[in-house]
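**Student:** Pasting a structure here, questions to come.
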Amino acid sequence: MSSPCCVDPGAKQIYQAQGYEKEIAGVNSYVTGEGKSAIIIFTDVFGNSFINVRKLADTFAQSCQVTVLIPDYFNQDPMSPDDPNLWDLLPNWLKKHPPTYACSIGEKFISTIKSNYQSIQVIGFCYGAKVVIDLITHNELSSLVKAAIVAHPSFLVKEEATQIKRPILFLCAENDSLFTSDLRQEFEKELKSNGLGTFIEYPGTVHGFVVRPDNTEQVIQEKDKAVHDAIEFFKKNI
């Protein structure tokens, strides 16, 4: 359940990250900001060292006045945005890094930090959205999550729509070969009826646009709007 959009790194970004690395729950983690509440970011295939996601983490930390954490659930083996043949490499890489393993790391991670913060919110990009959904459908761990966001999610199945237990914001690409219109309709039907889900679509965008935008003016504007919408959602639920 993948497409070339999964491994398009977007336009190269240059940025000096503000945080630091620390081992948490047995995995290397990027930590930025400080506060009594936390946001956990679950990444796409480029992992927690990808400068784009660290820039977003710093932005969330500064704007929301919280601690932001990004666990490395790829054991220091993410896909590299500099590799020229990422699409060919993806199938074997996914065999080594199945979403089920990432979900188990996510469960261990939130269980480890739960007593350190007054509230915990989560956001998942692409691959990482599966970990977010796992947490907010979990019989025991869902209670630890105040609210959740997914951006252009991957690997979701329609049955999960009825199992979600926490408020969730979907940042949707207009054209997404992974979060298809049929699948999205299933989630919207369930989550709008029970009041847990909010869905925002960003015109002219494709899968990956929030964390990996290209350099076109419209996509940059829509990415900025999505980041603003995420920040407002986080602030509302701290």
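**Student:** Can you name the residue in the range 115-155 that is free of Cβ contacts under 8 Å to residues at least 24 places away in the same chain and not acidic (Asp, Glu) and, of all such residues, is surrounded by the most Cβ atoms within 10 Å (Cβ to Cβ)?
**Tutor:** Step by step, filter the range 115-155, then rank; the result is Ser143.
**Student:** Tell me which of these Gly204 doesn't satisfy, since it passes every other one: (1) modelled with pLDDT of 95 or more; (2) within 19 Å of the chain's Cα centre (by Cα).
**Tutor:** Of the numbered conditions (1) modelled with pLDDT of 95 or more; (2) within 19 Å of the chain's Cα centre (by Cα), the odd one out for Gly204 is (2).
**Student:** Something else about it: Restricting attention to the range 59-67, does a residue exist that is part of a loop (DSSP other than H, G, I, E, B) and buried (at least 18 other Cβ atoms within 10 Å of the Cβ)?
**Tutor:** Yes, the range 59-67 contains at least one residue that is part of a loop (DSSP other than H, G, I, E, B) and buried (at least 18 other Cβ atoms within 10 Å of the Cβ).
**Student:** Going by what's in this entry, would Tyr117 be described as among the aromatic types (Phe, Trp, Tyr) and closer than 15 Å to Leu141 by Cβ?
**Tutor:** yes
**Student:** Can you name the residue in the range 29-52 that is within 18 Å of Ile14 (Cα to Cα) and hydrophobic (A, V, I, L, M, F, W, C) and, of all such residues, is surrounded by the most Cβ atoms within 10 Å (Cβ to Cβ)?
**Tutor:** The residue in question is Phe46.
**Student:** Test each condition in (1) of a type outside the set (Ser, Thr, Tyr); (2) modelled with pLDDT of 95 or more; (3) more than 18 Å from Gly124 (Cβ to Cβ); (4) outside any helix (DSSP H, G or I) for Phe179 and report the one that comes out false.
**Tutor:** (3)
**Student:** May I pose another question? With more than 17 Å from Thr198 (Cβ to Cβ), among the β-branched types (Val, Ile, Thr) and out of contact with any Ser or Thr (no Cβ under 7 Å at 6 or more places or on another chain) as the only criterion, which of Val131, Val145 stands out?
**Tutor:** Just one listed residue meets the conditions, Val131.
**Student:** If Arg184 satisfies every condition in (1) under 21 Å from Thr112 (Cβ atoms); (2) over 13 Å from the mean Cα position of the chain (by Cα); (3) among the charged types (D, E, K, R); (4) crowded, with 19+ Cβ neighbours inside 10 Å but one, which is the exception?
**Tutor:** Among (1) under 21 Å from Thr112 (Cβ atoms); (2) over 13 Å from the mean Cα position of the chain (by Cα); (3) among the charged types (D, E, K, R); (4) crowded, with 19+ Cβ neighbours inside 10 Å, Arg184 violates only (1).
**Student:** Name the residues in the range 204-226 that are in contact with a Ser or Thr (Cβ under 9 Å, 6 or more places away or on another chain), aliphatic (A, V, I, L, M) and either under 15 Å from Val53 (Cα atoms) or part of a loop (DSSP other than H, G, I, E, B) (or both), would you?
**Tutor:** Val211, Ala226
**Student:** Then there's this: Across the range 109-150, what is the number of residues that are under 17 Å from the mean Cα position of the chain (by Cα), part of a helix (DSSP H, G or I) and charged (D, E, K, R)?
**Tutor:** Result for the range 109-150: 2.
**Student:** Within the range 156-172, does at least one residue satisfy the condition of being among the hydroxyl-bearing types (Ser, Thr, Tyr) and surrounded by fewer than 16 Cβ atoms within 10 Å (Cβ to Cβ)?
**Tutor:** yes
**Student:** In the range 23-45, is there at least one residue being closer than 26 Å to Glu232 by Cβ, assigned to a strand (DSSP E or B), modelled with pLDDT of 95 or more and more than 17 Å from the chain's Cα centre (by Cα)?
**Tutor:** Checking the range 23-45: at least one residue is closer than 26 Å to Glu232 by Cβ, assigned to a strand (DSSP E or B), modelled with pLDDT of 95 or more and more than 17 Å from the chain's Cα centre (by Cα).
The values are calculated or read from the model by the stated rules, or taken from the named source; none is laboratory data. The model shown is predicted, which means the values in this text are computed figures rather than measured ones. As a convention, Cβ positions derive from the backbone with ideal geometry for all residues, glycine included, and neighbour counts pool all protein chains shown.
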